[in-house]
Amino acid sequence: LLLNPMAYQLLGQSQLSSKSLLQALPGLQLDGLFNEFISVVETSHAIQKEIYYAHDDIECWFEILLVKLGDGLTVTFRDITKRKQIELALEKANLELTNQANLDGLTQIANRRYFDQYLAEQWQQLKLEQRPLALILADVDYFKLYNDNYGHQGGDRCLIKVAQTLSHHLPTAESLAARYGGEEFGIILPQTSLEQAAQVGEILRQAIHTLRLDHAHSQVCSWVTLSLGVSAVVPGDIQSPEGLIAQADRALYQAKQKGRNRLECA
């Protein structure tokens, strides 16, 4: 094993003549690296990859290049820590921008823009799989009266609590709760039948009721309540996401007509 002065400096070692490369880098987790050494020697195909290394006080990124040389190979390390730090910072900034574009500024759950995007994506996916897609539209009952009584700041606090509660009670990681508009929320439930969606909706309705948020001017209950409309369909060529929304909206209208604080299915 031969190492040049830069390799000694990089590894923080003064004497490596009796050590293998893997022993010279304590803490390096490179499953299969030795097999890649063998592959380069046997096939003459060079291998280039990036490696994150952290041990004791050393934390850095390397680019490693394996090239056949005679009956053996050369292993070239290049320190790319600064470049990776910049890349990771840019990725973080882009992720934050994406989150800002997809989140509702008040409630910090998905906004209407992302709701529409996610519904379209799930529609296309479940159309291929021929599995059901369900939707719940939920409306805070008599929210205008709530705002009139508790003020717009009180209304904002109410919407935040409702939004976070809905998001917390989603049944799967693929489910999405979004602020659909004003005091209305949309819940997308992939791979969910109408009956299953109705059960989820009832859990959500009960969860909001359990918050016991005072609503002195409500005409249905002394607490904040929800009315919900549920629809579900197996996406097909003659249907559309807009049709699914329209069905849920009609069911929500029925729930309001029948006294609110209830759930109706399309």
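Taken together, the values in this text are just the output of simple stated rules run on the coordinates, not laboratory data. Worth saying up front: this structure is predicted, and the values here are computed from it rather than measured. Don't worry about glycine lacking a Cβ; one is built from the backbone with ideal geometry, like all the others, and counts go over all protein chains shown.
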Per the rule of 0.36 nm per residue minus the C-alpha distance, extending V67 to K84 adds in nm 3.8 nm
Rounded to two decimals, the Debye log10 I(q)/I(0) of segment 124-266 (Cα scatterers, no solvent) at q = 0.09, 0.10, 0.14, 0.22 Å⁻¹ is -0.26, -0.32, -0.61, -1.33
Dipole check, the chain, charges on Cβ (K,R +1; D,E -1), about Cα centroid: among N99, P132, G155 the Cα furthest to the positive pole belongs to G155
Of the listed pairs K144/K258; K68/K92; K84/K161; K92/K144, those with alpha carbons more than 31 Å apart are K68/K92; K84/K161; K92/K144
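Is it possible to state the helix-based mean residue ellipticity at 222 nm for the chain, with each DSSP H run of 4+ residues giving -39500 (n - 2.57), the sum divided by total residues, to the nearest 500 deg cm²/dmol? What is it?
About -15000 deg cm²/dmol.
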Per the Cα gyration tensor, the chain corresponds to an equivalent ellipsoid with semi-axes, largest first in Å, of 58, 23, 14
Going from the fewest other Cβ atoms within 10 Å to the most, one would list I64, I188 as I64, I188
Scoring the chain by relative contact order with C-alpha pairs under 8 Å, at least six apart, yields a percentage of 15 percent
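Could you work out how much longer the chain between Q117 and L211 gets when fully extended? Use 0.36 nm per residue separation minus the Cα distance between them, nm to one decimal.
Length gained, Q117 through L211: 30.8 nm.
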On the formula 1/(1 + (r/R0)^6), with r taken between the Cβ atoms of Q108 and A173 and R0 of 25 Å, the FRET efficiency rounded to 0.05 is 0.90
Computed from the beta carbon distance with a Förster radius of 51 Å, FRET efficiency for N94 and D148 to the nearest 0.05 stands at 0.75
